[in-house]
Amino acid sequence: VSVGILMAFLYWSTAGYMDRQTAVTIEAEIRGLAEQYRRRGLNGLSSVINERVARDPVGSSVYLLVDDSLKPLAGNLDRWPTGFPDPEGWIGFRLRERGPDRTEEHAARGQVFLLHGGLRLLVGRDVRDLEATRALILDALGWGLAITAALALLGGWLMSAGVMRR
């Protein structure tokens, strides 16, 4: 039980750290883009978003600037994701692989930022690697727990066999 509790704590702290790092990255990008919007207006913000997308077209960053009718103005998504943001503005959604014959979808997480005039800015990250790392950690912890249980049973059996021989 103590090993199970320790492993649960390890998973919670590791996965929590990765989630916090993703959130910090997204929030920093939002702050930078909000500053660009204040300085340069809508056209400047659109230019910055398009520059970031062009610099890393298949990267893990997700951007979408839409008007009040959710019509895309800039970014690397073709439509506003389904679902509703939580009270802090975070939204989880699915991303489709880019390319003509790609059908695979994977998880993404982003934050919605409301701008003047009904504009909405979604800044997010592809969390496919985060999900894969979580699965890998869970797999390793599961195997570790199974090995620990097997060793505990073997040790218990060996000790009881020694006592029974006496």
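The values are calculated or read from the model by the stated rules, or taken from the named source; none is laboratory data. Owing to the predicted nature of the structure, the values given are computational and were not obtained by experimental measurement. Quick reminder, even Gly has a Cβ in these numbers, built from the backbone with ideal geometry, and neighbours come from all protein chains shown. Remember, those area values only see protein heavy atoms, side chains included, never the ligands or the DNA or RNA. Shrake-Rupley method; radii C 1.70, N 1.55, O 1.52, S 1.80 Å.
Go through the range 5-31 and give me each residue that's surrounded by 13 or more Cβ atoms within 10 Å (Cβ to Cβ) and of a type outside the set (A, V, I, L, M, F, W, C).
TYR11, THR14, ASP19, THR22, THR25, GLU27, GLU29
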**Message:** List the residue pairs whose Cβ atoms are under 8 Å apart, where the first residue sits in the range 75-88 and is more than 22 Å from VAL53 (Cβ to Cβ), the second is at pLDDT 85 or above and in a loop (DSSP other than H, G, I, E, B), and the two are 6 or more positions apart or on different chains.
**Reply:** none
**Message:** Can you say whether LEU64 is surrounded by 10 or more Cβ atoms within 10 Å (Cβ to Cβ), modelled with pLDDT of 90 or more, in contact with a Phe, Trp or Tyr (Cβ under 8 Å, 6 or more places away or on another chain) and not hydroxyl-bearing (Ser, Thr, Tyr), as far as the supplied structure shows?
**Reply:** yes
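Given the criterion open to solvent by less than 30 Å² (accessible area, probe 1.4 Å), of a type outside the set (Asp, Glu), free of Cβ contacts under 8 Å to residues at least 12 places away in the same chain and outside any strand (DSSP E or B), identify the matching residue among GLY142, GLY162, GLY156.
GLY162
Of LEU130, LEU119, which residue is hydrophobic (A, V, I, L, M, F, W, C) and crowded, with 17+ Cβ neighbours inside 10 Å?
Values: LEU119 fails: crowded, with 17+ Cβ neighbours inside 10 Å.
Criteria check complete, one pass: LEU130.
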**Complete:** For the range 1-17, pairs from a residue that is closer than 13 Å to LEU138 by Cα to a residue that is at pLDDT 85 or above and open to solvent by 60 Å² or more (accessible area, probe 1.4 Å), with Cβ under 7 Å and 6 or more apart or across chains, are GLY4/LEU145; MET7/LEU145; TYR11/LEU138
